[in-house]
């Protein structure tokens, strides 16, 4: 009694049902299949080819894999990558998970405020976060070192960000808000009465936290750790900025090095990329297995969900204090460092003397830079275009996956999620190889970047779309059909408006991550098609730290305003959830 | 008016096996009548309704509305739901939360191929809203309506398109008991006033009895009996029907004599010989089941005189339950227990002897092995 027939292909009667519905659905399916599969194919193909030079065309070889796997260097690369990713994932999880528990399950004051604040770290791009920690903790110019050295009158290096520890610290801290959000969701989906019954059995707060809460959240914990591991092993900014100068290579930075060597070794890079792809796929695979199991553990009751929070007593001021400290370290400190640096002529640690020389020079330099306008325009165009296309396509795809009984819809679902396993750099490489081979003239334009962004963020859009699609009762659509509305009409006037809150939220998210995007763009940009994040990267390469800071401050401020504005608009024009 | 012939609908279950949700469903509804599909959940009544609506695509069969074939597996016709012009009220009401009351009702008119003028739409919408007494609330957000108002709004939306056929899928099941009773009368009055051919799906037997011109009782995908409410209740032709509609006592019996043309026969039961109502042709020694409704068992402390066409059985009071309007007695006869419903004034204590008088026409013989 619960199947829909809206989807059953109508009997082939020409001119009646061959209408917008099938055109739209067909276009979306073809687009998703193309985006997800074609670059992957080219990447695999390329990894079996020798470098192409003017004198010699590419030949089939296994040499790339031999080179990638036979040297001792490779072992170190693998070990480094693993150490870095595991360390960063654990650090992020411990920090994020702890604050999620504090925020969801205890009576710490100002919780609503903390939850609202937790979204803010997302708007600081990874490259700016990394740069700000270099400005803080570099052995030569880092503020922490210079201040401590002055205070004690020594020249000892107190902290060195250019190290494995430094990389783990920065990456772990950067992904901790993500861990916070993941674990918050996990805690929220847990039936609080399970904890309450432990409380009634006489358990203490730590006993409940470790023996009930954590055990129940275990699948979610593992799943979150896996996501964080995959994100860390994919991250490019931290290893490139902190690891490369001191020779600590991980997969992502090795891929970048291989492409930028002369002659560029795309085959070797592809072989590395395939390895990285395998690791990421394994992680994502186990994560999805865990998530599907975790539904058995977590019970969302929905009815009367009012979790009783643990009374921490006086300790709750400590947890609130820790929260403020965390927020300071993750958001305020990086921003303030960038702000300080942007107001200087040359980068110097804060002092009364430096305070005399505050200047807005760097801002002028950035604004006068001819590529600034291009970069901003490109970033805007790409992020808005990408977000709009992603949300429209995923709304159709999620409709197909959730509403219809079309054969092969699970395949479509998986295809849409496939890009999740592509690390940004690998995706950039795959798309580069793909459109270098297929001569449709997108290589070297911003269109290739649009393709990369859409591919990369399709899974995120899908998550937002399908979550809200699941909340729309099937009968809302069926009643439109009974009222005489065609499929297109129903989709436009009933489905899309009802999806609106989810679509807007997803759109905002995709806009932000598109503007932050660096690791795919770095292999795809060319003069004239640079974006803001690339401009930051170039300023870093040129050593123009104060200009970089100025640009960073403007970018963060703009993103912040955008989020505020988007939330305001979303609240005003969004639909009240029925 | 509506002809459903040999309709079969199946759908793939989670395991990929086709589930036969409706099998060989055939019925006819004359114009202006309210026809109810009644059955427990999973019996195929909603599938049948959705197949008529076109929301499910049946495997075989034919659906014809006033000589227009909307589905026929033989001729390969399947008119999509949005071209059938049937009004439908869904179980969840399916009120669009992003539109107000007026917009919800106007929607079916706005999506027409020949869209009426704005004024025409407004007139029609307000007239329908008036009929369901919602005209005051036209500008209100649809989500801010009470359950009963939402139900009337869903009805208004189905009526505004002047449908050929009105399909109601458990429209009262989401309301609380008091409101359900009131809406039952309102729905009935409106259906009778508008003279609208209506298919009504419910699992609530009292709703079906109260509203319908005709009822089809369904079980396991098939229609087991079609008849007027009184027929269904008083002359069930199937053990399932007798059991599902109302409360009843079953007695295993064997035919002693299948006499005469008055529809009576004599059967032997564990209580001795009984005169029962036989609508089917029975022969001697056939086994059957006798259904007796609790309210058709008349209790008395004195043994009444037996007149023709009545059965008298003696027993003892086994247990009783006071239910306000009436009193339920469990009467023990040998090893069997019968449920009888009596006026609360009867106060025979537990353990005392009691006599049961049952009219033969109320003891209905139903074919079936023991």
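The values are calculated or read from the model by the stated rules, or taken from the named source; none is laboratory data. Because the structure is predicted, anything quoted here is derived from the model rather than measured. Please note: Cβ atoms are built from the backbone with ideal geometry, for glycine as well, and neighbour counts cover all protein chains shown.
Take the residues in segment A:58-68 that are touching a residue at least 60 places away in the same chain (Cβ under 8 Å) and assigned to a helix (DSSP H, G or I); name whichever of them is farthest from the chain's Cα centre (by Cα). Applying the filter and picking the extreme gives A:63. Of everything listed in (1) buried (at least 23 other Cβ atoms within 10 Å of the Cβ); (2) more than 14 Å from chain A (Cβ to nearest Cβ); (3) assigned to a loop (DSSP other than H, G, I, E, B), the single unmet condition for residue B:152 is (3). When you scan segment A:232-270, how many residues do you find that are part of a loop (DSSP other than H, G, I, E, B) and out of contact with any helix residue (DSSP H, G or I) (no Cβ under 7 Å at 6 or more places or on another chain)? Total meeting the criteria: 5.
Filter the strands (runs of 3 or more DSSP E) completely within segment B:7-125 down to those with at least 2 residues that are within 12 Å of chain A (Cβ to nearest Cβ).
Counting at least 2 such residues, we get B:18-29, B:68-72, B:86-89.
Just so you know, in segment A:563-578 the residues that are touching a helix residue (DSSP H, G or I) at 6+ places or on another chain (Cβ under 7 Å) and either crowded, with 16+ Cβ neighbours inside 10 Å or more than 14 Å from chain B (Cβ to nearest Cβ) (or both) include one that is modelled with the highest pLDDT, and it is A:563.
Is it the case, given these coordinates, that residue B:313 is under 31 Å from the mean Cα position of the chain (by Cα), in a strand (DSSP E or B) and not assigned by TED's automatic domain parsing to the domain that holds residue B:204? Taking the combined requirement at face value, the residue does not satisfy it.
Determine whether residue B:175 is surrounded by fewer than 21 Cβ atoms within 10 Å (Cβ to Cβ) and farther than 21 Å from residue A:485 by Cβ. Yes; evaluated as a whole, the condition is true for this residue.
Of the residues examined, residue A:282 is not one that is surrounded by 18 or more Cβ atoms within 10 Å (Cβ to Cβ), within 30 Å of residue A:76 (Cα to Cα) and modelled with pLDDT of 85 or more. Checked against the criterion of being modelled with pLDDT under 65, in a loop (DSSP other than H, G, I, E, B) and either within 14 Å of chain B (Cβ to nearest Cβ) or under 33 Å from the mean Cα position of the chain (by Cα) (or both), segment A:27-47 has no qualifying residue.
When segment B:127-140 is limited to residues that are exposed (fewer than 15 other Cβ atoms within 10 Å of the Cβ) and over 32 Å from the mean Cα position of the chain (by Cα), the one that is nearest to the other protein chains (Cβ to nearest Cβ) turns out to be B:139. The requirement of being crowded, with 22+ Cβ neighbours inside 10 Å and within 14 Å of chain B (Cβ to nearest Cβ) is not satisfied by residue A:552. Among all positions in segment A:7-25, there is at least one residue which is outside the structural domain of residue A:449 (by TED's automatic domain parsing), buried (at least 17 other Cβ atoms within 10 Å of the Cβ), part of a loop (DSSP other than H, G, I, E, B) and modelled with pLDDT under 90. Residue A:483 meets the conditions (1) over 25 Å from residue B:156 (Cα atoms); (2) in contact with a strand residue (DSSP E or B) (Cβ under 9 Å, 6 or more places away or on another chain) in every case but one. The failed one is (1).
Of the helices (runs of 4 or more DSSP H) entirely within segment A:129-231, those holding at least 1 residues that are in contact with a strand residue (DSSP E or B) (Cβ under 6 Å, 6 or more places away or on another chain) occupy A:205-208.
Among the residues in segment A:107-116, are any more than 20 Å from the chain's Cα centre (by Cα), surrounded by 21 or more Cβ atoms within 10 Å (Cβ to Cβ) and in the same structural domain as residue A:244 (by TED's automatic domain parsing)?
Yes, there is a match, as at least one residue in segment A:107-116 is more than 20 Å from the chain's Cα centre (by Cα), surrounded by 21 or more Cβ atoms within 10 Å (Cβ to Cβ) and in the same structural domain as residue A:244 (by TED's automatic domain parsing).
Taken over segment B:126-146, the criterion of being in a helix (DSSP H, G or I), within 12 Å of residue B:101 (Cα to Cα) and touching a residue at least 40 places away in the same chain (Cβ under 8 Å) is satisfied by B:142, B:143. Yes or no: residue A:483 more than 7 Å from every other protein chain (Cβ to nearest Cβ) and more than 17 Å from residue A:402 (Cβ to Cβ)? In short, no. Would it be correct to say that residue A:506 is in a loop (DSSP other than H, G, I, E, B), farther than 23 Å from residue A:20 by Cα and touching a residue at least 12 places away in the same chain (Cβ under 8 Å)? So residue A:506 fails the test.
If the condition is being in a strand (DSSP E or B), touching a helix residue (DSSP H, G or I) at 6+ places or on another chain (Cβ under 8 Å) and buried (at least 22 other Cβ atoms within 10 Å of the Cβ), then segment B:199-234 contributes B:199, B:200, B:201, B:202, B:215, B:217, B:218.
Check A:519, A:533, A:468 and return the single one that is part of a helix (DSSP H, G or I), within 22 Å of the chain's Cα centre (by Cα) and within 17 Å of residue A:126 (Cα to Cα). Just a single option satisfies the conditions, and that option is A:533.
Modelled with pLDDT under 90, part of a loop (DSSP other than H, G, I, E, B) and within 24 Å of the chain's Cα centre (by Cα): is that true of residue B:172 in this structure? Even if it seems obvious, please write down each step before you answer.
On the way: modelled with pLDDT under 90: yes; part of a loop (DSSP other than H, G, I, E, B): yes; within 24 Å of the chain's Cα centre (by Cα): yes.
Considered against the rule, which asks whether it is modelled with pLDDT under 90, part of a loop (DSSP other than H, G, I, E, B) and within 24 Å of the chain's Cα centre (by Cα), residue B:172 comes out as yes.
All told, residue A:491 meets the bar of being within 14 Å of another protein chain (Cβ to nearest Cβ) and assigned to a helix (DSSP H, G or I).
Residues are listed down the side, and each one gets a yes or a no for (1) assigned to a helix (DSSP H, G or I); (2) surrounded by 19 or more Cβ atoms within 10 Å (Cβ to Cβ); (3) touching a helix residue (DSSP H, G or I) at 6+ places or on another chain (Cβ under 9 Å); (4) assigned by TED's automatic domain parsing to the domain that holds residue A:453:
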site: A:495; (1), (2), (3), (4): yes, yes, yes, yes
site: A:502; (1), (2), (3), (4): yes, yes, yes, yes
site: A:510; (1), (2), (3), (4): yes, yes, yes, yes
site: A:528; (1), (2), (3), (4): no, no, yes, yes
site: A:547; (1), (2), (3), (4): yes, yes, yes, yes
site: A:561; (1), (2), (3), (4): yes, no, no, yes
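Scan segment B:181-194 and give yes if some residue there is assigned to a loop (DSSP other than H, G, I, E, B) and either surrounded by 19 or more Cβ atoms within 10 Å (Cβ to Cβ) or within 14 Å of chain A (Cβ to nearest Cβ) (or both), otherwise no. No; the residues of segment B:181-194 include none that is assigned to a loop (DSSP other than H, G, I, E, B) and either surrounded by 19 or more Cβ atoms within 10 Å (Cβ to Cβ) or within 14 Å of chain A (Cβ to nearest Cβ) (or both).
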